[in-house]
Structure formats: structure tokens, C-alpha cells
Amino acid sequence: MKFLSSVMLALIATFTSPAWSAQCSVEIRANDMMQYDLKKIEVSKECEEFTVTLIHTGRLAKTVMGHNWVLVNTPDMQAVARAGLKAGAAKDFLDTSDERIIAHTDLIGSGGSSSVTFKTADLQVGGDYTFFCSFQGHSALMKGKLIVQ
Ligand code: ZN
């Protein structure tokens with residue numbers, strides 16, 4: 001009994017300590033069907049930084065089914081996507097000098113993964129943020145919302 005109760009106290013301490021109250025990273029998977037496995041990512045302002053790791057679970061190469069994860073203010077999405085198309089395959093379909101891009105991973109193919117870490121100080125609670133894949137023709141299906149809390 002004594003052992004059990006000390007285990008329970010340890011568990012309670014684990015779940016209530018501040019370090020565990022906010023999840024400051026997320027994994028998002030992308031497949032050969034041009035899909036992310038998440039449509040929504042929640043970011044807590046309790047995190048100073050937030051890390052997104054993109055994982056390509058498909059079998060197709062970067063040149064035919066490349067995926068990245070690009071974060072923008074929602075009103076900027078179309079323009080950033082167009083600029084990415086203009087940059088073309090040689091630039092991985094992203095103009096990385098575009099200042100409207102808040103954060104982005106590398107473009108990856110089968111078996112690849114890429115992470116990006118950004119500061120939550122740059123994000124507003126209640127702001128309207130969209131993440132998308134800037135590979136040619138993907139953004140219509142591959143997009144979601146990033147919610148800041
Ligand atoms: Zn893609």
C-alpha cells in the first residue's frame with residue numbers, strides 16, 4: 001500500500017508539473033496520397049519554442065511526391081504558394097527569401113524527415129495561420145490550420 005501510494009503521488013506530480021502542461025512539439029506525417037495526417041496543430045504560448053517534424057511515410061521520391069511544411073498567415077497562403085511555384089523544382093517549390101513565410105521545413109521524399117523550430121513570440125493568440133505543402137499542385141489538399149492558444 002505504501003509503495004502504491006508513493007507511485008500515485010509521483011504520477012500526480014508528473015502530470016501537474018508545468019513542464020508537462022504544454023506539448024511543445026508535434027510530428028506530422030505526409031503520404032503518397034498527397035495528405036497530411038493532421039488538419040490542425042495546436043501551439044501553446046506556454047512554449048517558448050515549438051518544433052514541427054514532418055515525416056514522409058510514402059514510397060515516392062521527392063521529385064514526384066515531395067512534401068514540405070510551410071507556415072504562413074492564412075491571407076498570405078496563395079501568394080506564397082504562387083511564389084513557390086515560380087521558384088520551381090530547382091528551389092524545392094519555395095522562395096525561402098519570402099518574408100511572409102513564418103517557418104518551413106525542407107522538401108522531403110520517401111523515408112525522409114525534416115524539422116523546424118520557431119519562436120511562439122512571433123505568433124498571436126487568435127491569429128489565423130495556415131500550414132501547407134508548397135510542392136506543385138499539393139496545397140489544395142495539403143493544408144491545415146495552426147491554432148495558437
Ligand atoms: Zn506535398
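Basic side chains Lys and Arg get +1 at the Cβ, acidic Asp and Glu get -1 at the Cβ, and with that the dipole of the chain about its Cα centre reaches some 340 debye. Couplings 3J(HN,Hα) for the stretch 75-88, derived from phi with the Karplus relation 6.51 cos²θ - 1.76 cosθ + 1.60 (θ = phi - 60°), are x, 8, 4, 4, 5, 5, 5, 5, 4, x, 4, 5, 4, x Hz, where x marks Gly and Pro. Amide H to amide H distances under 5 Å link TYR129 with THR74, LEU146, where only residues 5 or more positions off or on other chains count and H is placed in the peptide plane.
Taking 4.7 Å between beta carbons as the limit, the unpaired Cys residues of the chain are CYS133. Amide hydrogen proximity for GLU42: with H placed 1.01 Å from N in the peptide plane, the residues at 5 or more positions away or on another chain lying under 5 Å are ILE147.
I want the antiparallel fraction of DSSP beta bridges within the chain, as a percent rounded to 5. About 65 percent, rounded to the nearest 5. On a 22 Å Cα-Cα criterion, which of the cross-link pairs LYS45/LYS145; LYS62/LYS86; LYS45/LYS91; LYS119/LYS145; LYS91/LYS143; LYS62/LYS91 come out too long? Violating the 22 Å Cα-Cα cut-off are LYS45/LYS91.
Short to long, the 10 Å bins of the Cα pair-distance histogram for the stretch 31-112 hold 16, 45, 34, 5 percent of all pairs. Rg and Dmax over the alpha-carbon atoms of the chain stand at 18.1, 67 Å. Cα convex hull, the stretch 18-68: 78 Å³ per residue, rounded to a whole number.
None of the figures in this text is laboratory data; all of them are computed from the coordinates on show. For clarity, every value in this text was computed on a predicted model and none was experimentally measured. Positions of Cβ are generated from backbone atoms using ideal geometry, with glycine treated the same way; all protein chains shown enter the neighbour counts.
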